[in-house]
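Engineer: The following block contains the structure, expressed as structure tokens.
The values are calculated or read from the model by the stated rules, or taken from the named source; none is laboratory data. The shown structure was predicted, so the numbers you read here are calculated from the model rather than taken from an experiment. We place every Cβ from the backbone using ideal geometry, glycine too, and count neighbours over all the protein chains shown. Ligands, DNA and RNA are excluded from the accessible area calculation, which covers all protein heavy atoms including side chains. Shrake-Rupley method; radii C 1.70, N 1.55, O 1.52, S 1.80 Å.
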Amino acid sequence: MSDIVEETQHDGEPEANETSLTTDEILHRNGFPRIEKKFSQKKDLDIPCCWSNLKNDEYAPAYVTVPKVPAGVYEIGWNSNMGTHTLKKQPFKTDELYHLPSPEITDILQDIENFWNRADKYKQYNFVHKRGILMYGDPGCGKSGIIQLISQKLIERDGIVINVKDEEDVDMFTSFITTFRKIEPNRPLVVLLEDIDSIAGENRYQTARLLNILDGVKQIEGVVYIATTNYPEKLQERITNRPSRFDRRYKVETPNEEIRRAYIQHKLNEEDIKGIDIDEWVKRTDGMSLSHLKEVVISVIVMGRTFEETMNNLESLAEKPRIKGSGTVGFGK
């Protein structure tokens, strides 16, 4: 290497220490062309970078554009600076992303898979390509886990999940969804309506707007509506008993023995399973929800408490908490 450096010190060029020369400089001094360096400049997303072509030869500044929104879970928002609705990507939780051996889960996933694969049949018989599924059951029995599975399956299809969580979101959705479909007319879409009773309960104004989305003038193609509720009795019959709105209704039951065992085995590693009596775990958790099972795993395996202590705590949760005493108010009374 030193010989090369000595040979390259000519034509009045200042001497350079071997350590001060880069490989490119050494090669250049020996007759090789310089390596062209290209620096990629990161675009400032807050500065317009192109033009939007409006009607009648009118142009407006535009920002970085993409041909389609990346697959994922989104909420609809409003950007006051731009005066337009936007899609804001949300974190996708995968803590319960597991297909438990449940008949409801298997049937729901199969029904949705058939729906996506039969778009041509809907068109052939002149039906709007949409589907509605309503899941109900006690809290903690796995409805959110099923939603995670459905969302994951759709993302694998390069689809979009839109979360509609309250009455304001219903307004956002009805105002924006036609624009979305003009930009991406064929994108697979799932609309989540978790706790639909809080959005469309008895005598709510938004119920009419929601029904207009499901089977009114605001209908769109290529969409599956997934609704959940812990209180189906709060829903009006025009929601629960209209196939054109929710075509299938599923009661998500408390996990049976097979499901409880499968859940525990999925959450624990081999070493964990060797250190517990899984038969006792399955037996003692009879009648409990998946949320209870999750707490068993966290309390015993993660937090290091005993199984007996954990079960005593969970069983005590069934008792309504109350304050014992004289009923007076204030500290020290």
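Engineer: Mind checking which residues of the stretch 212-248 are of a type in the set (D, E, K, R) and under 30 Å from V296 (Cα atoms)?
Structural biologist: Within the stretch 212-248, no residue meets the criteria.
Engineer: Return only the number of the condition from (1) touching a helix residue (DSSP H, G or I) at 6+ places or on another chain (Cβ under 7 Å); (2) modelled with pLDDT under 95; (3) open to solvent by less than 50 Å² (accessible area, probe 1.4 Å) that E167 does not satisfy.
Structural biologist: The failed condition is (3).
Engineer: Something else about it: For the list (1) touching a helix residue (DSSP H, G or I) at 6+ places or on another chain (Cβ under 9 Å); (2) open to solvent by 30 Å² or more (accessible area, probe 1.4 Å); (3) hydrophobic (A, V, I, L, M, F, W, C), I need the number of the one condition that I183 fails.
Structural biologist: The failed condition is (1).
Engineer: Against the conditions (1) at pLDDT 90 or above; (2) surrounded by fewer than 16 Cβ atoms within 10 Å (Cβ to Cβ), where does E295 fall short? Just the number, please.
Structural biologist: Among (1) at pLDDT 90 or above; (2) surrounded by fewer than 16 Cβ atoms within 10 Å (Cβ to Cβ), E295 violates only (2).
Residues checked against (1) outside any strand (DSSP E or B); (2) over 18 Å from the mean Cα position of the chain (by Cα); (3) of a type outside the set (G, A, S); (4) closer than 23 Å to I112 by Cα:
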{"residue": "I150", "(1), (2), (3), (4)": "yes, no, yes, yes"}
{"residue": "T179", "(1), (2), (3), (4)": "yes, yes, yes, no"}
{"residue": "P185", "(1), (2), (3), (4)": "yes, yes, yes, yes"}
{"residue": "V224", "(1), (2), (3), (4)": "no, no, yes, yes"}
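Engineer: Quick one: is G132 at pLDDT below 90 and closer than 30 Å to E253 by Cβ?
Structural biologist: Criteria not met by G132.
Engineer: Just give me the residues in the stretch 108-121 being assigned to a helix (DSSP H, G or I) and either within 21 Å of the chain's Cα centre (by Cα) or among the basic types (K, R) (or both), in sequence order.
Structural biologist: Those that are assigned to a helix (DSSP H, G or I) and either within 21 Å of the chain's Cα centre (by Cα) or among the basic types (K, R) (or both): I108, L109, Q110, D111, I112, E113, F115, W116, K121.
Engineer: Next up: Working only within the stretch 245-271, note down all residues that are touching a helix residue (DSSP H, G or I) at 6+ places or on another chain (Cβ under 8 Å), open to solvent by 40 Å² or more (accessible area, probe 1.4 Å) and not in a strand (DSSP E or B).
Structural biologist: Matches in the stretch 245-271: E253, E257, R261, Q265, K267.
Engineer: Please go through the stretch 66-83 and give me each residue that is at pLDDT 85 or above, outside any strand (DSSP E or B), open to solvent by 50 Å² or more (accessible area, probe 1.4 Å) and not charged (D, E, K, R), ordered by number.
Structural biologist: V66, P67, P70, S80
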